[in-house]
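Enquirer: Structure provided below as structure tokens; questions to follow.
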Amino acid sequence: MVNKQEGKSQSRAMLSVRKFFGGDNLGLIVALIAVITVFSLINPNYFTIRNLRNVFTAGSLSGLICVGEAMLLIGGLLDLSPGSTAAFSGVVAAILLQSGVSVAVVLLIVLFAGIFIGVVNAFFTTQMKISPFIVTLASQQIIRGFCYIISGGESILVTNSFFLSLGTTDILGIPFPILFMLLVFAIFYIVLTRTRFGRNIYTVGGNPVAARLAGISNKTTTYVLFIIMSVLAALGGTILASRMNTGQPQACIGLEFDGITAAILGGVAMSGGHGSLFGAFIGLLILQGFNTGLTIVNVQSFWQYVAKGALLLIALSFDYLRSKHRS
């Protein structure tokens, strides 16, 4: 009897392992290993502790955006304004700190700015029935414009030592930006897989009509997802300003496309209703490893734009093939 119970427990454990690493996830892990292997063969300095630390630190902001974009995509939505929101938050934080405002108050103001931007994006999407692509493209331009207006087009220096420590402090030998990104991934992984709200996101993204008939508020889900995205972008932009010692109005241009590319590479469907944050995380590692590899092997910056655009097209192509397979 004991042997049978042990056999059942082992079978369940093996099933869980296969489910976790099976299908798309296994393919993603193989792709990640391939990226690491290729660039390591080209340059032995690629796969070192120092470089991995730099890769994760540089990708921490993209990771926060990836979380928000992945959840939006699963919910059948999209946001093109996180890069502008991140830059705006960094500039606002720098200006307030120069004026003598305390770090705690600055963080609260940045948080509320993120909430406000998310609410505005959700309002025009749900109330005005405008495509989220158009709404967030417009807000992207408006927010970026305000970045340049309030800063005069100049970088704003930050000298507050406590604020600067947010982007430079190590906890147990790991930089705070990396720990914060991992914490965000873990929290929202649990939200998506263990909560009713997470199930609602998949239902709304997969079939909004069925979601409404099931009593799920599509409008509330849209508001919450846009707010999460904008808050993550605002907090990430503030941490970036801490790391860079300045609030820069020209920062984070194209950041949203890194988040979208990582999410789609990780198996999140553009059509909504499918994907996971584990896959999105592996997609982020592939993207960041690819970008860093191009730099470390001295590929010119102009060609890096071409390569990143090609990678997005490849990700979209895989998404199309996955959607055909599901149908």
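The values are calculated or read from the model by the stated rules, or taken from the named source; none is laboratory data. Treat the numbers as computed from the prediction; the structure is a model and nothing was measured. No Cβ is skipped: glycine too gets one built from the backbone with ideal geometry, and neighbour counts run over all protein chains shown.
Enquirer: Can you give me the number of residues within the stretch 87-115 that are without any contact (Cβ under 8 Å) to a residue 12 or more places away in the chain and not small (Gly, Ala, Ser)? I'd like the intermediate steps shown before the answer.
Expert: Step one: list which residues in the stretch 87-115 are without any contact (Cβ under 8 Å) to a residue 12 or more places away in the chain, which gives 99-102, 104-105, 108, 112.
Next, from what is left, pick out any that are not small (Gly, Ala, Ser): 101, 105, 108, 112.
Counting residues in the stretch 87-115 that are without any contact (Cβ under 8 Å) to a residue 12 or more places away in the chain and not small (Gly, Ala, Ser) gives 4.
Enquirer: Additional query: From Leu97, Leu72, Leu64, Leu80, grab the single residue that is in contact with a helix residue (DSSP H, G or I) (Cβ under 7 Å, 6 or more places away or on another chain), in a loop (DSSP other than H, G, I, E, B) and crowded, with 19+ Cβ neighbours inside 10 Å. It would help to see each step written out before you state the result.
Expert: Working: Leu97 fails: in a loop (DSSP other than H, G, I, E, B); Leu72 fails: in a loop (DSSP other than H, G, I, E, B); Leu64 fails: in a loop (DSSP other than H, G, I, E, B).
Criteria check complete, one pass: Leu80.
Enquirer: Also, quick follow-up: Determine if the stretch 58-78 includes at least one residue that is more than 20 Å from the chain's Cα centre (by Cα), at pLDDT 95 or above and among the aliphatic types (A, V, I, L, M). It would help to see each step written out before you state the result.
Expert: Residues of the stretch 58-78 more than 20 Å from the chain's Cα centre (by Cα): none.
Within the stretch 58-78 (the criterion being more than 20 Å from the chain's Cα centre (by Cα), at pLDDT 95 or above and among the aliphatic types (A, V, I, L, M)), the answer is no, since none of the residues qualifies.
Enquirer: In the stretch 219-255, which residue that is on the phi > 0 side of the Ramachandran plot and of a type outside the set (A, V, I, L, M, F, W, C) is nearest to the chain's Cα centre (by Cα)?
Expert: Among residues in the stretch 219-255 that are on the phi > 0 side of the Ramachandran plot and of a type outside the set (A, V, I, L, M, F, W, C), the one nearest to the chain's Cα centre (by Cα) is Gly254.
Enquirer: Okay, next question. Return the residue satisfying two criteria in turn: it lies in the stretch 160-176 and is of a type in the set (A, V, I, L, M, F, W, C) and out of contact with any Asp or Glu (no Cβ under 9 Å at 6 or more places or on another chain), and of such residues it is surrounded by the most Cβ atoms within 10 Å (Cβ to Cβ). Step through it out loud before you land on a result.
Expert: At the first step, the residues of the stretch 160-176 found to be of a type in the set (A, V, I, L, M, F, W, C) are 162-164, 166, 171-172, 174, 176.
Next, only the ones that are out of contact with any Asp or Glu (no Cβ under 9 Å at 6 or more places or on another chain) stay: 162-164, 166, 171-172, 174.
Values: Phe162: 12, Phe163: 22, Leu164: 18, Leu166: 20, Ile171: 10, Leu172: 5, Ile174: 14.
Checked the stretch 160-176; the qualifying residue surrounded by the most Cβ atoms within 10 Å (Cβ to Cβ) is Phe163.
Enquirer: Can you pull out the residues in the stretch 148-170 that are assigned to a loop (DSSP other than H, G, I, E, B) and of a type in the set (D, E, K, R)? Lay out the reasoning, then the answer.
Expert: Here is the first cut: in the stretch 148-170, the residues assigned to a loop (DSSP other than H, G, I, E, B) are 152-155, 158-160, 169.
Within the stretch 148-170, Glu154 is the sole residue that qualifies.
Enquirer: Consider Gly273 carefully, then state whether it is of a type in the set (Gly, Ala, Ser), assigned to a loop (DSSP other than H, G, I, E, B), touching a residue at least 24 places away in the same chain (Cβ under 8 Å) and out of contact with any strand residue (DSSP E or B) (no Cβ under 9 Å at 6 or more places or on another chain).
Expert: Numbers: of a type in the set (Gly, Ala, Ser): yes; assigned to a loop (DSSP other than H, G, I, E, B): yes; touching a residue at least 24 places away in the same chain (Cβ under 8 Å): yes; out of contact with any strand residue (DSSP E or B) (no Cβ under 9 Å at 6 or more places or on another chain): yes.
So Gly273 passes the test.
Enquirer: Follow-up. For residues in the stretch 233-252 being among the hydrophobic types (A, V, I, L, M, F, W, C) and under 23 Å from Met71 (Cβ atoms), which is surrounded by the fewest Cβ atoms within 10 Å (Cβ to Cβ)? Full working, then the answer.
Expert: Step one: of the stretch 233-252, the residues among the hydrophobic types (A, V, I, L, M, F, W, C) are 233-235, 239-241, 244, 251-252.
Keeping just the survivors that are under 23 Å from Met71 (Cβ atoms) gives 233-235, 239-240, 252.
Working: Ala233: 33, Ala234: 30, Leu235: 21, Ile239: 24, Leu240: 25, Cys252: 27.
Within the stretch 233-252, the match that is surrounded by the fewest Cβ atoms within 10 Å (Cβ to Cβ) is Leu235.
Residue-wise test of (1) in a helix (DSSP H, G or I); (2) within 16 Å of Met181 (Cα to Cα).
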site: Ile216; (1), (2): no, no
site: Thr220; (1), (2): yes, no
site: Pro249; (1), (2): no, no
site: Gly259; (1), (2): yes, yes
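Enquirer: Residues that are surrounded by 21 or more Cβ atoms within 10 Å (Cβ to Cβ) and either at pLDDT below 80 or part of a helix (DSSP H, G or I) (or both): does the stretch 4-13 have at least one? Steps first, please.
Expert: The first filter runs over the stretch 4-13 and keeps only residues surrounded by 21 or more Cβ atoms within 10 Å (Cβ to Cβ), leaving none.
Taking every residue of the stretch 4-13 in turn, none turns out to be surrounded by 21 or more Cβ atoms within 10 Å (Cβ to Cβ) and either at pLDDT below 80 or part of a helix (DSSP H, G or I) (or both).
Enquirer: Take the residues of the stretch 295-319 that are in a helix (DSSP H, G or I) and more than 21 Å from the chain's Cα centre (by Cα): which is surrounded by the most Cβ atoms within 10 Å (Cβ to Cβ)? Let's see the steps before the verdict.
Expert: The initial filter retains those residues of the stretch 295-319 that are in a helix (DSSP H, G or I), namely 295-296, 301-319.
Next, from what is left, pick out any that are more than 21 Å from the chain's Cα centre (by Cα): 295-296, 301-303, 306.
Working: Thr295: 12, Ile296: 17, Ser301: 8, Phe302: 7, Trp303: 10, Val306: 11.
Of everything passing the filter in the stretch 295-319, Ile296 is surrounded by the most Cβ atoms within 10 Å (Cβ to Cβ).
Enquirer: Need pairs with beta-carbon distance below 6 Å; first residue at positive phi and within the stretch 124-143, second modelled with pLDDT of 95 or more and crowded, with 21+ Cβ neighbours inside 10 Å; sequence gap 6+ or separate chains.
Expert: none
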